[in-house]
Amino acid sequence: MSRIGRKIINIPDGVTVNFNADILKASGVLGELSLEIPQKIKLTIENNIITVERHNNDKISKSLHGTFRQLIDNMIIGVSKGFEKTLELIGVGYRVAMEGNEINMHLGFSHPVKIEIPSDVKVKVEKNKITISGTDKQRVGQFTAEIRAFKKPEPYKGKGLRYLGEKIKLKAGKTAKTSK
């Protein structure tokens, strides 16, 4: 049995969960999310506790068991607390600003990079930090990765967009050759 799949999911106060016709809906303070549950997975909701089980032990059911348990847990955390990722911009002359529903970044290219913000994600910009938050963990992580892809940290000076607290292993540059 899956170690992750057999863990129970506690539903916190302020979150309501409904399961009808293979669609699980969770709504809370921050919004509402829904997830389609496959036929091979069985959900039981009792006393603010969700248990996820599988109908049989075939390979597909085993692989879906832990995955859907974690997706449901992420839904409940998302509508109650939310998810947040922070990028920091390192480099001389690099800057970022919000312009309406767009992020405008100057990353050392000949032109500024503009990214439109999706409706289900909130973005906050402070000096050289971009904070992305939302209810859906996958959407927050995907949008953060899309922004980071414009200027990943380079390995010699560490300039670029990096996750807050990310350690970049710097390479040694070329050493000057001494003449005899």
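Throughout, read-outs are computed from the coordinates displayed, never taken from laboratory work. These figures come from a predicted structure and were not determined experimentally. FYI the Cβ positions are ideal-geometry reconstructions off the backbone, even for glycines, and counts take in every protein chain you see.
Dimensions of region 9-80 along principal axes (Cα, Å, largest first)?
Computed over region 9-80, the largest-to-smallest principal extents equal 38, 21, 20 Å.
Quick one: 3J(HN,Hα) in Hz for region 93-99, Karplus 6.51/-1.76/1.60 with θ = phi - 60°, rounded, Gly and Pro as x.
Residue by residue, region 93-99 yields x, 7, 8, 9, 8, 9, 10 Hz.
Arrange the following residues from fewest to most other Cβ atoms within 10 Å of their Cβ: Leu24, Leu30. Numbers along the way, then the final one.
Values: Leu24 21, Leu30 18.
Ascending number of Cβ neighbours within 10 Å: Leu30, Leu24.
Could you state, as a whole-number percent, how many of the C-alpha pairs of region 68-125 are farther apart than 18 Å?
On the way: 837 of 1653 pairs.
Above the 18 Å cut-off, region 68-125 has 51 percent of its Cα pairs.
Can you check what the Kirkwood hydrodynamic radius comes to for region 123-177, Cα pairs only, in Å to one decimal?
Working: mean 1/r = 0.0765 Å⁻¹.
For region 123-177, the Kirkwood estimate is 13.1 Å.
Enumerate the calculated ³J(HN,Hα) couplings along region 6-18 in order (Karplus 6.51 cos²θ - 1.76 cosθ + 1.60, θ = phi - 60°), each rounded to whole Hz, writing x wherever the residue is Gly or Pro.
Result, ordered by residue: 8, 5, 7, 10, 8, 9, x, 5, x, 10, 10, 10, 10 Hz.
Add +1 for every Lys or Arg and -1 for every Asp or Glu among the other residues with Cβ under 14 Å from the Cβ of Ile4, and state the total.
On the way: positive: Arg3, Arg6, Lys7, Arg54, Lys62, Arg69; negative: Glu53, Asp73.
Surrounding charge for Ile4 is +4.
Return the subset of Lys81/Lys129; Lys127/Lys151; Lys42/Lys81; Lys25/Lys114; Lys151/Lys171 for which the Cα-Cα distance in this structure is over 28 Å, preserving the input order.
Values: Lys81/Lys129 21 Å; Lys127/Lys151 17 Å; Lys42/Lys81 26 Å; Lys25/Lys114 34 Å; Lys151/Lys171 18 Å.
The answer is Lys25/Lys114.
What list do you get for Glu88, Glu146, Glu53 if you sort them by fewest beta carbons within 10 Å?
On the way: Glu88 18, Glu146 11, Glu53 14.
Ascending number of Cβ neighbours within 10 Å: Glu146, Glu53, Glu88.
For the chain, what mean projected area does the convex hull of the alpha carbons give, in nm²? Could you put the intermediate results ahead of the total?
On the way: hull surface 64.6 nm².
For the chain, the mean projected area of the Cα convex hull comes to 16.2 nm².
Where the only charges are on Cβ atoms (+1 Lys, Arg; -1 Asp, Glu), what is the dipole of region 9-80 about its Cα centre, to the nearest 20 debye? Numbers along the way, then the final one.
Values: 7 positive and 8 negative charges, 65 e Å.
For region 9-80, the charge dipole is close to 320 debye.
Taking a cut-off of 23 Å, what percent of all Cα-Cα pairs in region 83-163 are separated by more than that? Working shown, then result.
Values: 473 of 3240 pairs.
Distances greater than 23 Å cover 15 percent of the Cα pairs.
Could you list Ser2, Ser63 so that the one with the fewest beta carbons within 10 Å of its beta carbon is first and the one with the most is last? Could you put the intermediate results ahead of the total?
On the way: Ser2 17, Ser63 14.
Ascending Cβ contact count within 10 Å gives the list Ser63, Ser2.
Please identify, among Ala21, Ala145, Ala97, the residue showing maximal mean-square fluctuation in a Gaussian network model of the chain using a 10 angstrom Cα cutoff.
Greatest mean-square fluctuation among the candidates belongs to Ala21.
Just Lys157, Lys40, Lys167 to compare: in a GNM of the chain, with alpha carbon springs under 10 Å, which one fluctuates most?
Among Lys157, Lys40, Lys167, the largest mean-square fluctuation in the Gaussian network model of the chain belongs to Lys167.
Summing +1 for each Lys or Arg and -1 for each Asp or Glu, what net charge is found among the other residues whose Cβ lies under 13 Å from the Cβ of Phe19?
Its environment carries a net charge of -1.
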